[in-house]
Amino acid sequence: EGFSSVKYFLSLYRFQACVYFASVFQAMSCGIHYLASVFMAVTPNFVCGFPGNVSSVLFHNSSASSIEDIWTLWTSPENYIVVQLENGEIWELDQCSRSKREATLDLAYEYKGNKSVFPCSDGFLYDDTKWKSTVVTQWDLVCDREWLAKLIQPTFMLGVLIGAVIFGDIADRLGRQRVIWFTSAGQFVFGVAVAFTFDYYSFVIVRFLLAMVSSGYLVVAFVYVTEFVGIKARTWASMHVHAFFAMGIMIVALVGFLVRTWWVYQIFLSIATLPFVLCCWMLPETPFWLLSEERYEDAQKVIDTMARWNKVSNPCKVSELCSVQQDDLASGRMGDDDTSSTKKHNILDLFCNWQIARRTITVWLIWFTGSLGYYVFSLSSVSLGGNEYLNLFLIGAVELPCYIIACVAMDKLGRRNTLIPFLILSALICVLIMFIPQDFNILIILANMAGKFSIGVAFGLIYLYTAELYPTIVRSLAVGTGSMMCRVGSVVAPFCVYLRSVWIYMPLLLVGIMALLSGILTIMLPETLGKPLTNTLVEATEMGRNKKSCSEKTPPAHSGAALEKIEMFGQERVSTDK
């Protein structure tokens, strides 16, 4: 049924299909920039620099004429290198300090005599066998400046959070089309500008702006395509916006493998979606937004264009749609005079009684866990051993089938019955990985792929499930706050990955605990498959089989012919983001 929906969409809605694929193509750039730092900010092996010209180098029982020949033997940060300079001085080079031996008669690796310790005032020497240049080697973000390197990804994710809020609001005020134009151009401009930053602080600031426009595009693109796509294919279409994001991750792996200089790598990633920037001005505004702004003539022009592309002889007339909608609203007001003044709702309505409050806490936890697990598995993939480029490529590729499985399962088994097993499965996989010996690289990589797959199903499903769990009057608020929790998870994820330095399995332990807790709490959520959307908090509470409800009156929902016609061109606006 799912695949037939997609075929039906492609065959009958040519205009929407073109708009959809053009829009989600640029979503790849979001996946690219979100994960670009895994190779751009990598820290290679390094030691302190030395004051002078080296004549010989000693590492354990191996000697060489240059330090470059020693890197292949380097196995641990605890190691040090002994060098003898042309003036006869002998130095021990550690990662964050260097020692000058007082006795210089014999060059040996082990030394028990007196040494003078000095800071790394001559810079650092880096292993460039894998990466010719990274931002870490460019600005010496090691030792006492290591914390600056660890802030690169969290500050980017903070920009993601702020950008989603700002551009989501701007899109409601100025339209989706303008925001898509601006954010698309912004991704290209700021993406290229990152490569030409002159110091660490300008690099972080430009990356922060890049994060804002990338996040803004992803949020608005999701709303944009769902307002164009018909009802029958909407679930598949909205879910597979995430699939194009995953393709962006795969491109990061490919470009990282081919280009080993960070600023060239950044330029190649930024121009990957340049074709969309050149043609995005052709995308139309959505009829849904035009109607909400009472720009009826512009809406009619877009509808007529859609009709010509789709070969529809009798297109919908905006004047007829508006007249039916006004009749429905008038009849609703006659039924209840008190609803003429619509009550404004706030976040407290998500906690109006125990049933709804418990639902909100559970949903927020799922959003947070999904984002945390998604980025922990993605960011950790380059540290699993083996080929780090292949690891990241597979971590991205495994998402493509996971969204297909999610679409099929949520329509066949239900939303809750799909969410629970995949959350618990991801927790079990986290535990399983902890018992796999470190020498079994292939098995560890496969287990991490399975973990990313299971958390990806849950992460993709929660968007639609949240919208169905809440009534019309607070639905956008519920999805918006859930999305905020998602972004909090994405900010926390890099710090969680850094806990590998404390204990290698600490990130997996935290994700596993959160996933297990989320899976258990999900059992108490109601199933929404096949049930009509609720309009009031009373109805939403009753869906949870709890008669205790919030006492309030709400305006009537649009019904009849007007609703059917509106559904052809738009839906309730929800904000979503990785």
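The values are calculated or read from the model by the stated rules, or taken from the named source; none is laboratory data. Computed from a predicted structure; not experimentally measured. Heads up, the Cβs are rebuilt from the backbone with ideal geometry, glycines too, and the neighbour counts pull from every protein chain shown. Just so you know, the surface numbers come from the protein's heavy atoms only, side chains and all, with ligands and any DNA or RNA stripped out. Shrake-Rupley method; radii C 1.70, N 1.55, O 1.52, S 1.80 Å.
Within the range 346-360, which residues are open to solvent by 10 Å² or more (accessible area, probe 1.4 Å), closer than 16 Å to V479 by Cα and not aliphatic (A, V, I, L, M)?
N346, D349, F351, R358
Need a quick list: helices (runs of 4 or more DSSP H) entirely within the range 159-249 having at least 3 residues that are within 30 Å of I404 (Cα to Cα), among the aromatic types (F, W, Y) and modelled with pLDDT under 90.
Of the helices (runs of 4 or more DSSP H) lying wholly inside the range 159-249, those with at least 3 residues that are within 30 Å of I404 (Cα to Cα), among the aromatic types (F, W, Y) and modelled with pLDDT under 90 span 200-228.
Please count how many residues of the range 120-138 are of a type in the set (S, T, Y) and outside any strand (DSSP E or B).
Looking only at the range 120-138, we keep the residues that are of a type in the set (S, T, Y), and these are 121, 126, 129, 133-134, 137.
Next, only the ones that are outside any strand (DSSP E or B) stay: 121, 129, 134, 137.
Qualifying residue count for the region: 4.
Among what's in the range 23-37 and is crowded, with 24+ Cβ neighbours inside 10 Å and within 13 Å of Q153 (Cβ to Cβ), pick the residue that is nearest to the chain's Cα centre (by Cα).
Of everything passing the filter in the range 23-37, Y34 is nearest to the chain's Cα centre (by Cα).
Go through F190, F203 for me and flag whichever is more than 13 Å from Y224 (Cβ to Cβ) and open to solvent by 10 Å² or more (accessible area, probe 1.4 Å).
Criteria check complete, one pass: F190.
Can you give me the ranges of the strands (runs of 3 or more DSSP E) entirely in the range 25-119 with at least 1 residues that are among the basic types (K, R), touching a residue at least 24 places away in the same chain (Cβ under 8 Å) and within 24 Å of V136 (Cβ to Cβ)?
Details: elements: 46-48, 54-59, 62-64, 81-85, 90-93, 98-101, 115-118.
It comes to 98-101.
Regarding the range 228-236, can at least one residue be identified that is hydrophobic (A, V, I, L, M, F, W, C), within 20 Å of the chain's Cα centre (by Cα) and assigned by the TED database to the domain that holds R145?
There is at least one residue in the range 228-236 that is hydrophobic (A, V, I, L, M, F, W, C), within 20 Å of the chain's Cα centre (by Cα) and assigned by the TED database to the domain that holds R145.
When you go through T183, T129 one by one, which is the residue that is of a type in the set (S, T, N, Q) and more than 10 Å from G216 (Cα to Cα)?
Working: T183 fails: more than 10 Å from G216 (Cα to Cα).
Within the list T183, T129, the selection yields T129.
As an exercise: evaluate E294 against (1) open to solvent by less than 60 Å² (accessible area, probe 1.4 Å); (2) on the phi > 0 side of the Ramachandran plot; (3) of a type in the set (D, E, K, R) and give the number of the one condition it does not meet.
Failing condition for E294: (1).
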